[in-house]
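Following: one structure in structure tokens, then a few remarks.
Bear in mind that the values in this text are calculations on the coordinates, not laboratory data. Predicted, not measured: the structure shown is a model, and the values here were computed from it. Note: ideal-geometry Cβ built from the backbone for every residue, glycine included; neighbour counts use all protein chains shown.
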Amino acid sequence: MPVIQRSSYPGAPAYLPNGHLQTIYPSMFRKVAGVTYERERLTLSDGDFIDLDWLDSGSRQLVVLTHGLEGDSHRHYIKGTAKLFAQHGWDALAWNCRSCSGEMNKAFRLYNHGETGDIGEVIRHALRTKSYEKVVLVGYSMGGNISLKYLGTQGKNVPDVIRGAVAVSSPTNLTTSAKLLDNPENWLYRKRFMSKLFKKIKAKDALYPNRLDVSQIKNVKVWKDFDNFFSAPLNGYRDADDFYEQGSAVNYLADVQVPVLICNAQNDPILNDDCAPVALAEKHPLIFVETPKTGGHVGFLVKGDEFSWAERRALAFLG
């Protein structure tokens with residue numbers, strides 16, 4: 001029964017008394033120094049590209065890092081994890097989803113929570129070009145869902161060198177998390193995400209005229225509207241419900257073949273219990289669920305520590 005009843009997270013600093021502050025403060029103010037990536041552009045099998053950012057010391061161990069919605073390899077949680085693992089002898093590969101590295105991707109499609117083909121190509125490229133004996137995955141928010149779905153859908157076909165994964169603040173149930181973003185108290189997250197995504201929709205329309213109905217932007221009232229009008233047609237889903245069904249990692253977790261740890265805070269503003277599959281973990285020997293009382297969404301700061309609890313927890317679980 002790998003449900004971790006007592007989390008090792010000591011709790012958020014006193015100056016961050018609630019889940020919103022524990023989410024917003026690190027997102028706006030946390031800086032991680034001393035991380036200088038080597039960038040590589042990977043051409044994908046469909047002719048599109050993504051950019052990979054490496055910390056390469058010639059190690060035989062690799063951590064593959066996947067960012068959240070509208071994030072990138074320079075987000076504090078990615079750089080913090082890369083730096084911590086590198087200090088302990090690992091190579092780190094922080095890959096940027098399509099359109100997230102500072103340059104719009106070439107294909108009509110964008111990235112999405114349910115896309116696992118790209119992370120598969122990233123892993124195959126790393127194994128083809130370097131000599132790794134152990135590979136682990138760490139994903140944050142959307143990146144955690146992608147990592148978990150990849151492992152679930154691949155099942156026994158996952159490369160032998162992949163030994164485990166950690167997913168932090170991950171919306172493993174997309175139906176639930178989409179609804180939570182519409183809560184009035186979550187207006188700031190919704191506005192921030194939407195403003196960035198609307199710009200990308202307009203950029204895609206400029207590249208591929210008349211394939212999207214950009215006039216529907218004015219009709220986006222709830223998050224599901226955006227997914228019906230844009231996420232689904234961009235990424236080959238029938239509609240938002242089809243996207244949520246196919247994209248939710250929780251629907252594939254039963255087939256994972258390596259140890260995975262899911263860490264979601266109980267006070268996460270945009271996740272709830274549906275995204276922490278406790279019932280499944282109680283039956284599955286390889287699925288661990290840890291739900292600290294505090295931490296916010298991709299927060300988990302610890303007073304006086306350069307690294308977040310989630311970053312140290314990932315290293316402890318996978319190392």
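Give, rounded to the nearest 20 debye, the magnitude of the charge dipole that segment 167-319 has about its Cα centre when Lys and Arg contribute +1 at Cβ and Asp and Glu contribute -1 at Cβ. Walk me through the intermediate numbers first.
On the way: 19 positive and 19 negative charges, 149 e Å.
Approximately 720 debye in magnitude.
With contacts defined as alpha carbon pairs under 8 Å and 6 or more residues apart, what's the relative contact order of the chain in percent? Can you show the working numbers first?
Numbers: 643 pairs, mean separation 81.8, N = 319.
Value for the chain: 26 percent.
From the phi of every residue in segment 178-194, what ³J(HN,Hα) in whole Hz does the Karplus formula 6.51 cos²θ - 1.76 cosθ + 1.60 yield, where θ is phi - 60° and glycine or proline is x?
Ordered by residue, 3J(HN,Hα) equals 5, 5, 5, 5, 8, 4, x, 6, 9, 4, 5, 5, 4, 5, 5, 5, 5 Hz.
All other residues with a Cβ under 13 Å from the Cβ of Glu115 taken together, and with Lys, Arg as +1 and Asp, Glu as -1, what is their net charge?
Working: positive: Arg98, Arg109, Lys149; negative: Asp46, Asp48, Asp118, Glu121.
For residues surrounding Glu115, the net value is -1.
When the dipole is taken about the Cα centre of segment 234-319, and only Lys, Arg (+1) and Asp, Glu (-1) are charged at their Cβ, what size is it in debye, to the nearest 20?
On the way: 6 positive and 13 negative charges, 76 e Å.
The calculation lands at about 360 debye.
Along its principal axes, what span do the Cα atoms of segment 7-148 show, with the longest given first and each in whole Å?
Here the spans come out as 49, 36, 27 Å, largest first.
Cross-link list Lys31/Lys202; Lys83/Lys149; Lys200/Lys224; Lys106/Lys224; Lys106/Lys221; Lys149/Lys283: which exceed 20 angstrom alpha carbon to alpha carbon? Please list the in-between numbers first.
Numbers: Lys31/Lys202 31 Å; Lys83/Lys149 25 Å; Lys200/Lys224 17 Å; Lys106/Lys224 26 Å; Lys106/Lys221 29 Å; Lys149/Lys283 18 Å.
Checking Cα-Cα distances, Lys31/Lys202; Lys83/Lys149; Lys106/Lys224; Lys106/Lys221 exceed 20 Å.
Taking the Cβ of each residue in Lys196, Lys31 as the centre, tally the other Cβ atoms inside 10 Å and list the residues starting with the fewest. Before the final figure, lay out the partial values.
Values: Lys196 12, Lys31 8.
Ordered from fewest to most neighbouring Cβ atoms within 10 Å, Lys196, Lys31 come out as Lys31, Lys196.
Roughly how many whole Å is it from the C-alpha centroid of segment 18-39 to that of segment 265-287?
Segment 18-39 and segment 265-287 have Cα centres separated by 24 Å.
Assigning unit charges at the beta carbon (Lys, Arg +1; Asp, Glu -1) and nothing else, what dipole magnitude in debye, to the nearest 20, does the chain show about its Cα centre?
Dipole about the Cα centre, nearest 20: 560 debye.
What is the spin-label model distance, in nm, from Leu280 to Ala14 if the labels are put 7 Å beyond Cα along the C-beta direction?
Here the modelled spin labels are 4.0 nm apart.
Going toward the positive end of the dipole of segment 10-58, with +1 on Lys and Arg Cβ and -1 on Asp and Glu Cβ, which of Leu16, Gly47, Ala33 do you reach last?
About the Cα centre, the residue reaching furthest to the positive side is Leu16.
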